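The values are calculated or read from the model by the stated rules, or taken from the named source; none is laboratory data. Treat the numbers as computed from the prediction; the structure is a model and nothing was measured. All Cβ positions, even for glycine, are placed from backbone atoms using ideal geometry, and neighbour counts span all protein chains on display.
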Amino acid sequence: MDKVIFMVDMESFFASVERANHPELSGRPLLVSGDPERRSGVILAACPVAKARGVTNGERLWEAQQKCPEAVVVRPHMQQYVTVSVQITEILERFTDLIEPFSIDEQFMDVTHSQRLFGAPREIAQKVQQAIWHETGVRARIGMGESKVLAKMACDNFAKKMPSGVFHLTKERMERLLWPLPIECLYGVGRQMTKHFRNQGIRTIGQLANTSLERIKGKWGVNGHVLWLTAHGIDPSPVTPHSHDKQKGIGHGMTLPHDYVKAEDIHVVLLELCEEVCKRARRAHLMGRTVAIGVSGANMETPTGFHRQMKLTNHTNITMEVYEGAATLFERFWDGKPIRRLHVNLSNLTSDEAWQLSFFGNRDRAHQLGYTMDTIKEKFGDTAIRRAVSFLSASQAEERAKKIGGHYK
């Protein structure tokens, strides 16, 4: 039996959930913006009506309102989106136990052996669409293929553009349907890679597929090899519910409410991000040895910033030890220009069951203190206990405590 994998994608997910909660907005253009009260807010989701007016996800609110002035703008409700996403997963589990979340609004399904119970692939896809629509009010688009990359490209390039919202891309149809598409339509090819390919005369997926693998590997190494395989629809990775079980890193970042220009203010937020990263590590009973920070400048026209990492002396989930490494990187590489975004990541993870003691300083006490603070926060809320710096004006701790994934709950 040929393998059949679905990529199930929710149409304008955040906007669809908001519309399902507010049926009175039916037919009106709807925008979900990160901060509707500020014209500099970013569009997180636009309904199909707004997209037809030229609105795109990620653009500034004021730009979207120029294109679609009559649009209704709502603040995101992240907890609701998470709840609906989990509900959709439960719907998919009625058809197969092989479900792999890809994002909050995209999930892979392997329905190869579900056909005996639920019918042909297209019939299963229609049943999945109907169940999701009736129970959540969200429309699903489904790409089908023999591999995950085929299913993903079937969804992005074809299913999303069809009235039925369903498309089956087989390897036999690739040369006729997929290969003529621009190279940027290939899954895994971003803006920078598109430039590299075009500079080498590779402008379509078919041109990449027909280029010798030796040339591609010689030019772009392993990444080029993977993209060449993708152009041929080859992806041996299975759909597995456990693909995200083993974490490679724990990170947390935030876009600042305004440009930060003073080093002492930036250090306040940096410490708070380290606190959040270490709290997540402790919750997972993990420690890390490699700390990385990312800094993005405030000038969108001429991007500035950096991403650097360093190894710590020991594996740790102690906030101040991670912060010392992050602060060292910041002081070494910051160019002094205003910044708008900060990110901290802890990787090279290991279990927290065994860790290095020290003759210098009481690491055991600091180690236990972190877990004690976590217990208090879990019981009484994230703002129940805070470091003194979090009472400074530069702090974002109280504002972040109101949010999920960077947006209000």
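In the set Ala388, Ala397, only one residue is farther than 24 Å from Pro303 by Cβ, at pLDDT below 80 and in contact with an Asp or Glu (Cβ under 9 Å, 6 or more places away or on another chain); that residue is Ala397.
For Met10, the requirement of being at pLDDT below 90, hydrophobic (A, V, I, L, M, F, W, C) and out of contact with any Lys or Arg (no Cβ under 7 Å at 6 or more places or on another chain) is not met.
Among the residues making up region 107-128, those that are surrounded by 19 or more Cβ atoms within 10 Å (Cβ to Cβ) and either of a type outside the set (Asp, Glu) or modelled with pLDDT under 95 (or both) are Gln107, Phe108, Met109, Val111, Ser114, Pro121, Ile124, Ala125, Val128.
Look at Met109 and say whether it is part of a strand (DSSP E or B) and in contact (Cβ under 8 Å) with a residue 24 or more places away in the chain. Considered against the rule, which asks whether it is part of a strand (DSSP E or B) and in contact (Cβ under 8 Å) with a residue 24 or more places away in the chain, Met109 comes out as yes.
Within region 168-208, if we keep just the residues that are among the small types (Gly, Ala, Ser) and within 28 Å of the chain's Cα centre (by Cα), the residue that is nearest to Arg141 (Cα to Cα) turns out to be Gly188.
Of the residues making up region 288-325, just one is closer than 14 Å to Leu342 by Cβ, β-branched (Val, Ile, Thr) and surrounded by fewer than 20 Cβ atoms within 10 Å (Cβ to Cβ), namely Thr304. Looking across Glu24, Glu18, one residue alone is surrounded by 13 or more Cβ atoms within 10 Å (Cβ to Cβ), of a type in the set (Asp, Glu) and assigned to a helix (DSSP H, G or I). It is Glu18.
Among the numbered conditions (1) of a type in the set (Val, Ile, Thr); (2) surrounded by fewer than 19 Cβ atoms within 10 Å (Cβ to Cβ); (3) outside any strand (DSSP E or B), the only one that Ile266 does not meet is (2).
Note on region 188-210: residues that are at pLDDT 95 or above and hydroxyl-bearing (Ser, Thr, Tyr) amount to 1. For region 205-234, how many residues meet the condition of being of a type in the set (S, T, N, Q) and in contact with a helix residue (DSSP H, G or I) (Cβ under 6 Å, 6 or more places away or on another chain)? Qualifying residue count, region 205-234: 1. Of the listed requirements (1) in a helix (DSSP H, G or I); (2) surrounded by 13 or more Cβ atoms within 10 Å (Cβ to Cβ), Pro76 misses just one: (1).
In this structure, Thr89 does satisfy being hydroxyl-bearing (Ser, Thr, Tyr), in contact with a strand residue (DSSP E or B) (Cβ under 8 Å, 6 or more places away or on another chain) and either crowded, with 20+ Cβ neighbours inside 10 Å or assigned to a helix (DSSP H, G or I) (or both). Scanning region 255-308 for residues being in contact with a Ser or Thr (Cβ under 6 Å, 6 or more places away or on another chain) and free of Cβ contacts under 8 Å to residues at least 40 places away in the same chain gives a total of 1.
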